[in-house]
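Below is one structure; the comments refer to it alone.
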Amino acid sequence: MTMILPSTLLRRALMLDAIVSGATGILAAAGARIVASLCNLPEPFVVYSGLSLLPFAAIVGLMARRETVPVAIIWAIIAYNALWSIDSVVLIASGWIAPNVFGYAFVVGQALVVAVLAECQYMGLTRSRAAASPVS
C-alpha cells in the first residue's frame, strides 16, 4: 500500500472533517427528534445518517493524526465525502423527502460543507504527492 506524508492542508482538512462529521453525527443521532421536527425530515433518516457519521469521523480523525497515511484510504475518504454531497442533492431533488425551509438549508448546507472538505482533501493529497515527488 502506498503511503505518503500528509501535507499541512491534507492534515487540517482531515481534522476539520473529523470534527464536523463527529459533531453532526452526535447532533443528528442524539437530537434526532428535535432536528427532524425543525427540518421536517423523517426521524429514522436523521438517526441513521447521524450514526453513520460516527465511525467515519473516527477513521478520518485517526488518519489526520498519523505520521504517514495510506493513499487508498485518503481516496476513500474523498469519495465518501463526494458521494455524501451528491446523494444529499439527489435526495432533495428526487422528492423522497419533503423538508421545510430549515430542512432544505440543513441538507444543502451540509452537502456544500462536505463538498468543500472533499475538495480541500483532494488538493491536500495533490500537495502531499507533489512534495514526495523528486524534482528534476
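Evaluation of Ala36 against the conditions (1) over 17 Å from Glu119 (Cα atoms); (2) surrounded by fewer than 16 Cβ atoms within 10 Å (Cβ to Cβ) shows that the sole unmet condition is (2). If we scan region 128-136, do we find a residue that is in contact (Cβ under 8 Å) with a residue 40 or more places away in the chain and touching a Ser or Thr at 6+ places or on another chain (Cβ under 8 Å)? Yes - at least one qualifying residue is present in region 128-136.
Within region 78-134, being basic (Lys, Arg) and within 17 Å of Leu16 (Cβ to Cβ) holds for one residue alone: Arg127. Filtered by the rule that a residue be hydrophobic (A, V, I, L, M, F, W, C), surrounded by 13 or more Cβ atoms within 10 Å (Cβ to Cβ) and more than 12 Å from Ala36 (Cα to Cα), region 86-111 gives Ile86, Val89, Leu91, Ile92, Val108, Ala111. If I filter region 66-75 for residues that are loosely packed, with under 14 Cβ neighbours inside 10 Å, touching a residue at least 40 places away in the same chain (Cβ under 8 Å) and among the small types (Gly, Ala, Ser), do I get at least one hit? Yes, region 66-75 contains a residue that is loosely packed, with under 14 Cβ neighbours inside 10 Å, touching a residue at least 40 places away in the same chain (Cβ under 8 Å) and among the small types (Gly, Ala, Ser). Report yes if Gln121 is under 15 Å from Arg11 (Cβ atoms), under 18 Å from the mean Cα position of the chain (by Cα) and surrounded by 14 or more Cβ atoms within 10 Å (Cβ to Cβ), otherwise no. Yes. At pLDDT 95 or above, basic (Lys, Arg) and surrounded by 14 or more Cβ atoms within 10 Å (Cβ to Cβ), is that true of Arg11? Here the answer is yes, as Arg11 does meet what is asked.
Return yes or no: is Ala29 small (Gly, Ala, Ser), surrounded by 14 or more Cβ atoms within 10 Å (Cβ to Cβ) and in contact (Cβ under 8 Å) with a residue 60 or more places away in the chain? It is false that Ala29 is small (Gly, Ala, Ser), surrounded by 14 or more Cβ atoms within 10 Å (Cβ to Cβ) and in contact (Cβ under 8 Å) with a residue 60 or more places away in the chain.
Of the candidates Pro55, Pro70, Pro99, Pro42, the single residue that is at pLDDT 95 or above and touching a strand residue (DSSP E or B) at 6+ places or on another chain (Cβ under 9 Å) is Pro70.
The values are calculated or read from the model by the stated rules, or taken from the named source; none is laboratory data. If you're wondering where the values come from, they're calculated on a predicted model, not measured in any experiment. Reconstructed Cβ throughout: ideal geometry from the backbone, glycine too, with neighbour counts over all protein chains shown.
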